[in-house]
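As structure tokens, the structure follows; a few thoughts come after it.
The values are calculated or read from the model by the stated rules, or taken from the named source; none is laboratory data. All values reported here derive from a predicted model rather than from experimental measurement. Here the Cβ positions follow ideal geometry from the backbone for every residue, glycine too, while neighbour counts run over all protein chains shown.
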Amino acid sequence: MLQFLSATPPVLWLVLMVIFAVLEGVSVALTSIWFAAGALAALLVSFVVPDLWIQALVFAVVSLAALLLIRPLAQKMMQPKGKVPTNADRVVNQLGVVTETIDNLAATGQVQVAGQVWTARSAEDVRIFAGEQVQVLRIEGVKLVVEPAAREAAVQ
């Protein structure tokens with residue numbers, strides 16, 4: 001077996017490179033592409049340097065360098081660029097009009113914000129009557145948590 005490995009190192013590195021590339025293609029999780037790069041480097045070195053140990057050293061060094069240097073950059077590029085607000089998130093901090101009196105104890109209340117009607121709850125457990133203007137503080141599940149807009153303006 002060792003004679004086969006020492007007699008045909010380019011074939012060994014080519015087979016390893018293909019195996020690592022296929023594994024990466026199957027996993028798409030940046031797990032084995034670094035070893036495919038190491039195998040490619042070892043393959044290129046095998047045409048110049050016949051010593052298998054030097055080729056293995058090149059494989060290890062290039063694989064480790066790729067893993068440590070390139071992987072963090074690749075992961076950073078693959079992550080989404082910050083939080084992208086959804087349409088629902090866009091109503092936070094908006095003003096709305098109460099269409100059904102908000103009473104947390106009775107579990108009633110609706111608010112119209114940006115043309116949409118939402119179920120709403122008061123942040124301060126106070127009753128807010130239909131027709132009043134409110135400011136959306138946050139979204140909890142499918143309900144808006146609001147406070148009267150007049151109180152928010154008075155604080156400023």
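Residues of region 139-153 being surrounded by 13 or more Cβ atoms within 10 Å (Cβ to Cβ), in a strand (DSSP E or B) and at pLDDT below 90, which ones?
139
Counting only residues that are surrounded by fewer than 13 Cβ atoms within 10 Å (Cβ to Cβ) and in contact (Cβ under 8 Å) with a residue 40 or more places away in the chain, how many does region 123-137 have?
Within region 123-137, residues that are surrounded by fewer than 13 Cβ atoms within 10 Å (Cβ to Cβ) and in contact (Cβ under 8 Å) with a residue 40 or more places away in the chain number 0.
Out of the residues in region 111-122 that are out of contact with any Phe, Trp or Tyr (no Cβ under 6 Å at 6 or more places or on another chain) and closer than 9 Å to residue 144 by Cα, state the one that is surrounded by the most Cβ atoms within 10 Å (Cβ to Cβ).
Checking each candidate, the answer is 120.
Tell me the residue from 84, 97 that is outside the structural domain of residue 33 (by TED's automatic domain parsing) and at pLDDT below 80, please.
84
What pairs come out if I take residues in region 50-76 that are over 14 Å from residue 20 (Cα atoms) and pair them with residues that are exposed (fewer than 13 other Cβ atoms within 10 Å of the Cβ) and not hydroxyl-bearing (Ser, Thr, Tyr) whose C-beta lies under 8 Å away, six or more apart or interchain?
Hits for this filter: 52/5.
Only one of (1) loosely packed, with under 14 Cβ neighbours inside 10 Å; (2) under 19 Å from residue 149 (Cα atoms) is not met by residue 61, so which one is it?
Exception for residue 61: condition (2).
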